[in-house]
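Contents: one structure, followed by commentary.
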Amino acid sequence: MGNVGYTAEDEILIAERFDDLMESCVKICKRDGDSDFIRRAFTLAKEAHKGVRRRSGEPYIIHPIAVAKIVVNEVGLGVKSVVAALLHDVVEDTDYTVEDISNMFGEKIAVMVDGLTKMAGVFNTNTSEQAEYFKKVLLTLSDDVRVILIKIADRLHNMRTLGSMPLNKQIKITSETIYLFAPLAYRLGLYTIKTELEDLSLKYRFPDTYRQIEEKLRATEAGRARFIETFNAPIIEKLRESGIDFEISGRIKSIYSIWSKMQRKQIPFEEVYDLFAIRIVFKPSNTNIVPEKSQCWNIYSLITDIYKPKPDRLRDWITIPKTNGYEALHATVMGPDGIWVEVQIRTERMEEIAERGFAAHWKYKHATVPGDEDEFDKWLKKIREALNSPTENAVDFLDNFKMSLYTTEIVVFTPQGETRTLPQDATALDFAYDIHTKVGHKAIGAKINHKIESIFTPLMSGDQIEILTSENAHPQPEWLEHVKTTKARQCIKNYLNKDTQSNIERGQEIFDKSMHELGIMPTGRIFKKVLPHYHCKNKDEFYSKVGTGIIELGDINKVLRENLPTKTFKIWGLRLTNPFKLFGGEGKSGKESPQTGNETEIETGVTGENEPKFVIADCCKPIPGDSVVGFKDTENNRIVVHKASCDELNRLASQFGKNITEVQWSSQKEVWYLSEIELRGIDRKGILLDMAQVITGQMEVNIREIHIQSHDGIFEGTVKLYIRNADDLTLLMKHVSEVKGIEKVTRITQ
């Protein structure tokens, strides 16, 4: 942003955008003074941001106007939310205070604006500024969910205008969006916004991939349209014969969803068959005579008279709606040419809730059953409980909150028949903590459908659970590995934190004793082997798990004998873009670091003692040719290199955006790097020899380790090998897949 006076053209643009906003607000300005209230907020915001411009060059006031328009048009909120959206950056960026806002617009608006204001300059330097900010915003759920909705609208407009930002800011913002804002939009029922946030994140993070999928969708559009027309024709005829007032459409799967499926299944675009779904939205007849639910099932019956359904793909979110209020009936049927097609059936009311989410859900809920607590209320209640509980730091808080944004749910029952909604894969222990913290702490087992099971047993929809307790039971550290809900994890952590330090000290004594018996000094190189093997992020976590018995050191000698998979990385070359920014503008002498062009090459093992070292991230294991991003680990004076698509990178960038730095592979070295592939196929005599011939003979690649097994005619296993770069690995996988009998070859990155 910069201070430049507004021109006459700017004033015209601002006036046009505000007039457009006021046209959108006609439907919500139902009381005298509502329009003037919005105009007063606009006048103050325009004056406060006077002369300030966004990085794109447009007047800054255009941004709050755009956010306010999203709030009213796409989220469906009212006058107070529009006013708060117009004022959302005033306290943060200008001399106005929260007290000023309260005096001019009332306490409620001031509280909403305060919730949207960043706490710049008051963060604990030992934690994440982004996590602290998110914590403050999310805490407003305890008072007013509208603050979160306005924040999502703010993020949506920032994503729509992200093209003017530099690459490192794009990585930070898209990571935050994928990690927190898109799941949050989903949880609040904002499906359309969630989809756009995901698509925009992909567009800026992987522009070539986004463009390729977009082009392929365009190329297949005509054939898809013909299929939809053929599929819909008999359904339309049947619905009209039955006198149903409806609209039918084909909805294309989002580009991000297609990309996610390609990544998850490791398949090309051509093998993604569920590119679209058919949606039927109808106007129900007299619901006093025939309920909406019955009318939805009637349409389902009409459709399955035409096309055969797939029983295991029926989703009934009408009888038990999703926690975010979503209601619909989803059925998958066999269409022409043997193609499975998903059909979504919903009423106009359900459609508005699906499109507008929380705001529409709330409107209909209070219009029909005021005072009734539904699943959405229960979820908000759980979140408020979690948010109001003490947490150790903002990063843990944010990770815990992220867990509450689960997208797939199950419904289980208490012995009395009361329903409880939990995330998929939740265990009996999650259920125990959902009942009460004391029940969770004392749990020793569970009766699931009247059969005694472990408290770690995963639950299924429809299960009836009774928790068995004992006064002698108490939480154990390993419990954290078996729970999925925020409440359970937080309750266990709060209990365990009381004696964490003693566990660390005990673990260090045990480890030091083991090292002494082996005659080994516990150096940094030792921990480079030990920590990844036991899946620990740092020494304290390792010592704590040793001290509590989670980690047993019986195999420590074997672990220390293993070769480090990244040992060759010590001579890798990487280019660090803009090192001046990384080192804060000063070299060791206190003067500006010299720059030659835009890049400085830093090689591990070659640079000065105080300069950062490059380390390959264990979570995604990038190799040369992969698109990579660096994360500055200032505590250990190193840069951890992640694949650009890494989920862990998204988490880190969403919490420590300032530590993101741009890196590139250096092409000045030719070193071989460890990679791993997985094989599966039909067994035959000689298949292993043929595969080895391709790898070592044709591709001249050295195999470090191979694990193959054959059972019931199936050939499968893994091969660790040294490879030069990603292109060579792709070519090798292609040639191996051509070996007779080999059906699937995939790269292992986890």
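Here, each number is a calculation from the coordinates, and none is a lab measurement. Every value quoted in this text rests on a predicted model; they were computed, and no experiment measured them. Cβ: placed from backbone, ideal geometry, glycine included. Neighbour counts: every protein chain shown.
Most exposed first by the Cβ proxy, i.e. fewest other Cβ within 10 Å, how do Ser254, Ser461 rank?
Details: Ser254 18, Ser461 13.
With the fewest neighbours first, Ser254, Ser461 line up as Ser461, Ser254.
What list do you get for Lys169, Lys558 if you sort them by fewest beta carbons within 10 Å? Intermediate results must be reported in sequence, preceding the final value.
Values: Lys169 14, Lys558 9.
In increasing order of surrounding Cβ atoms, one gets Lys558, Lys169.
For Asp727 and Ser56, a Förster radius of 30 Å and the Cβ-Cβ distance give a FRET efficiency of 0.25, rounded to the nearest 0.05. Applying a threshold of 23 Å to the alpha-carbon distances of Lys539/Lys720; Lys261/Lys621; Lys484/Lys528 flags Lys539/Lys720; Lys484/Lys528 as lying beyond it.
Classify region 1-104 as rounded, prolate or oblate from the Cα gyration tensor: take a ≥ b ≥ c as the square roots of its eigenvalues, call it rounded if a/c is under 1.5, otherwise prolate when a/b beats b/c and oblate if not. The partial results should precede the final answer.
Numbers: a/c = 1.88, a/b = 1.32, b/c = 1.43.
Because a/c hits 1.5 or more and a/b fails to exceed b/c, region 1-104 counts as oblate.
With Cα atoms defining each centre, region 83-117 and region 624-688 are spaced 43 Å apart in the structure. For the pair Lys310 and Lys513, label points projected 7 Å from Cα toward Cβ lie 5.7 nm apart.
Simple spin-label estimate for Glu215 and Trp297 gives 5.0 nm between the two label positions (7 Å along the Cα-to-Cβ direction from each Cα). For the residue pairs Lys493/Lys537; Lys293/Lys451; Lys80/Lys253; Lys513/Lys537; Lys545/Lys613; Lys169/Lys493, the alpha carbons lie more than 26 Å apart in Lys293/Lys451; Lys80/Lys253; Lys545/Lys613; Lys169/Lys493.
A simple rule links phi to the HN-Hα coupling: the Karplus curve 6.51 cos²θ - 1.76 cosθ + 1.60 with θ = phi - 60°, which for region 501-516 gives 4, 5, 5, 4, 5, 5, x, 5, 4, 5, 5, 4, 5, 4, 5, 4 Hz, with x for Gly and Pro.
Taking amide H as placed 1.01 Å from N in the peptide plane, the amide H of Ala426 sits under 5 Å from that of Leu459, each at least 5 places away or on another chain.
Rounded to the nearest 20, the size of the Cβ-charge dipole of region 673-747 about its Cα centre is 40 debye, with Lys and Arg at +1 and Asp and Glu at -1.
If you average the alpha carbon positions of region 502-516 and of region 315-340, how far apart do those two centres end up, in angstrom? Result: 55 Å between the Cα centres.
Using θ = phi - 60° in the Karplus curve 6.51 cos²θ - 1.76 cosθ + 1.60, the 3J(HN,Hα) couplings for region 69-86 round to 5, 4, 4, 7, 7, 9, 9, x, 8, x, 4, 4, 5, 5, 4, 4, 5, 5 Hz; x is entered for Gly and Pro. Phi angles across region 308-316 convert, under the Karplus curve 6.51 cos²θ - 1.76 cosθ + 1.60 with θ = phi - 60°, into 3J(HN,Hα) values of 6, x, 9, x, 7, 10, 7, 10, 9 Hz, Gly and Pro given as x.
Treat the count of other C-beta atoms within 10 Å as a stand-in for reagent exposure and order Met521, Met350 from fewest to most.
Values: Met521 10, Met350 26.
Arranged by neighbour count, lowest to highest, Met521, Met350 become Met521, Met350.
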